[in-house]
Amino acid sequence: MAEKFSQQRDLFESERSFRLLVEGVADYALYMLDPNGIITSWNIGGERIKGYSPEEILGQHFSRFYTETDRANGKPARALAIAREKGRYEEEGWRVRKDGTFFWASVVIDPIYEDGRLIGFAKITRDITERRNAQLKLEAMQKQLAESQKFDALGQLTGGVAHDFNNLLMIISGSLHILKKGAADDPKLERAISAIETATKRGAALTNQLLTFARRQSVNPQAIDFTERVADIREVLDAGVGSSVRLAFDIPSDTWPIKADVSELETALLNLVINARDAMPDGGTVTIGARNLVLNEAPLVGDFVAIDVRDTGLGIPSDVLDKIFEPFFTTKPIGKGTGLGLSQVHGFAHQAGGTVKVASELGKGTTFTIVLPRGTDMPSRETPGVAFRGSGTVLLVEDNPDVALVSIGLLEQLGYQVRRVADAEAALREIESDGVDFVFSDIVMPGKMDGLSLAHRLRQIRPGLPILLATGYSEVAAGVRGDFPILRKPYEIHELSEAIAKLPR
Ligand SMILES: Nc1ncnc2c1ncn2[C@@H]1O[C@H](COP(=O)(O)OP(=O)(O)OP(=O)(O)O)[C@@H](O)[C@H]1O
Ligand SMILES: [Mg+2]
């Protein structure tokens, strides 16, 4: 008798501690439903997560935790049916708290049987909103990282190829000048030369797009008045859109100046406008707009100007959208597109310290938005090129003998005497002997000292000596900004002459 009593007491004790446990668990809503879904028990976790006290919720139907749409679709009843049929129901989804706010829930429903008869359901709900948010954030970051790694790898590749190409083009275009002089009275030769010239220019333009994509273009960022810039290239843009497409502008007069490389900006605009035209085979409108933006999302923090190029064209299918900025991705027929336009836009925007975004709706149109940092200095107009004939002696520092030959040819045509050395060390020796009026040096060179270090060294030992740098591409060039003028390869004779004319003396 005494034993039976003690057994009963043990049972009572263990049930009590179990009830205390369930009631006390704060991280899980643990409760029972009757076979119809009416709530018959409640714990502190339920109160904490969903906001109801036991008095409020006991006797209510559990469907009130579901969203209105889920209720309308009969989801609560379906959950119980599945639990009964399969022995378990599991789901992650939105649920509603007492105050109407949503949380992302992990839900388990188990049917409870006694003597083979269903007496109700055990329900466990966890609030995993934070975990889900963290997960989503992580996924977004991983996607972004993968994206930027892909672009970096592509950039390495295209940048390398483009750099080599640039040196070749430099040689071709430079030698053409010499050929041209000799072909003055042979029309056949002249035609051939002009064909080579056109092809070289096209090659140089493509190489430039590639270099920009790889963010290895040497750039000269400066403050730009966007309205003025657009007005200046209005004719080119008009020609770009063609006759069936209307060009509209939406640039408020209080738009801040932009800080970017002028010619890259112009190329980017033209690339976007031509794309817009191609997306509107039956005509339409391209609108170029600008907005001031204050951003606070790392890495873009501060004042920016957003430039929108909006079309009313075909739109971009979602499976294409992911690839459009990749070099050589094109949906246009062979000969129509090289797939480099948007690559240039992408590289330009990022190198300028901004970004590019796209929003598109099939059948409605596409908007590309280039976000660029606000320019702080006063926008300056470019000084027009002057016809210039020089005199004096230039020290040319160039490691590639073929490029050197061409540069010497161009410099001599401009009227200079040229002394050439192949590296920075030799240049420093050469400068010892007098008679050099300015130095023209490549930036990327083999040896201990590159063109930039040479320039800095020269500035120390010969402060008054003008220095002009040249480069096909260079990450270094980004750091040179403002310190020394840089000429982009391949350059033409008038560009060389203008750059020399602008040297401070
Ligand atoms: N405004 C637009 N509307 C619809 N699709 C576009 C638009 N802009 C770009 N695209 C799509 O993105 C692709 C890539 O564009 P991108 O400018 O890089 O190359 P492309 O225009 O094909 O060739 P390229 O500009 O080198 O001549 C296009 O082929 C097209 O499918
Ligand atoms: Mg294009």
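A few remarks follow.
- Placing unit charges on each Cβ (+1 for Lys and Arg, -1 for Asp and Glu) gives the chain a dipole about its Cα centre, and among L362, L468, G51 the Cα reaching farthest toward its positive end belongs to G51.
- Förster radius 22 Å - calculated FRET efficiency between E15 and Y113, Cβ distance, rounded to 0.05: 0.70
- Angle between the chain longest axis and helix 451-461 axis [Cα atoms, degrees, rounded to 10]: 60 degrees
- Using a cutoff of 8 angstrom between alpha carbon atoms and counting only pairs six or more residues apart, the relative contact order for region 400-505 works out to 21 percent.
- Per-residue ellipticity at 222 nm, computed for the chain from helices alone with -39500 (n - 2.57) per DSSP H run of at least four residues, works out to -14500 deg cm²/dmol.
- Axis angle, to the nearest 10 degrees, between helix 262-278 and the longest C-alpha principal axis of the chain: 60 degrees.
- Low-density loop positions, trypsin sites (Lys or Arg not before Pro), region 425-464 - DSSP coil, at most 16 other Cβ in 10 Å: K448
- Length added when fully stretched, T101-V358, from 0.36 nm per residue minus Cα-Cα: 89.3 nm
- Nearest-ten-degree value, helix 75-86 long axis tilted from longest Cα axis of the chain: 70 degrees
- Cross-link check: pairs K336/K364; K181/K332; K181/K201 evaluated at a Cα-Cα cut-off of 28 Å; pairs beyond the cut-off: K181/K332.
- Residues whose amide H lies under 5 Å from that of K502, counting only those 5 or more places away or on a different chain, are absent; hydrogens are built 1.01 Å from N in the peptide plane.
- Residues of type aspartates and glutamates that K357 reaches as a straight line, Cα spacing below 12 Å, ignoring anything fewer than 8 places off in the same chain: D308, D322
- Which of N73, G120, W94, positive extreme of dipole for region 49-123 (C-beta unit charges): N73
- For a straight C-alpha distance cut-off of 17 angstrom, the aspartates and glutamates reachable from K180 (same-chain residues fewer than eight places away being disregarded) are E190, E197, E412, E492.
- Rounded to the nearest 20, the Cβ-based charge dipole of region 139-213 about its Cα centre (Lys and Arg +1, Asp and Glu -1) stands at 200 debye.
- Around the Cα centre of the chain, unit charges on the Cβ atoms of Lys, Arg, Asp and Glu (plus for the first two, minus for the last two) sum to a dipole of about 460 debye.
- For region 17-34 versus region 193-213, the gap between their alpha-carbon centres in whole angstrom: 74 Å
- A simple spin-label model places the labels of E425 and D437 3.1 nm from each other, with each point 7 Å out along Cα-to-Cβ.
- Taking every alpha-carbon pair under 8 Å whose residues sit at least 6 apart, region 178-258 reaches a relative contact order of 27 percent.
- Taking 17 Å as the straight-line reach from the Cα of K123, the lysines in range (excluding those fewer than 8 positions away in the same chain) are K50, K75, K86.
- Extending 7 Å from Cα along the Cβ direction at K502 and again at K181 yields two label points whose distance is 2.6 nm.
- Based on the Kirkwood approach, the hydrodynamic radius assigned to region 232-368 is 15.6 Å, with every pair of different Cα atoms included.
- Take every Cα pair under 8 Å whose residues are at least 6 apart in sequence, average their separation, divide by the length of the chain, and the relative contact order is 11 percent.
- The spacing between region 294-317 and region 159-192, judged by their C-alpha centroids, is 40 Å.
- For the chain, taking the reciprocal of the average inverse distance between every pair of different Cα atoms yields a Kirkwood hydrodynamic radius of 28.7 Å.
- Net dipole in debye of region 221-373 [+1 Lys, Arg Cβ; -1 Asp, Glu Cβ; about Cα centre; nearest 20]: 300 debye
- Put simply, the amide H of I119, placed in the peptide plane, has neighbours under 5 Å in I112, Y113, E114, leaving out anything fewer than 5 places away on its chain.
Values in this text are rule-based calculations from the coordinates and carry no lab data. Computed from a predicted structure; not experimentally measured. So basically every Cβ, Gly included, is an ideal-geometry build from the backbone, and we count neighbours across all protein chains shown.
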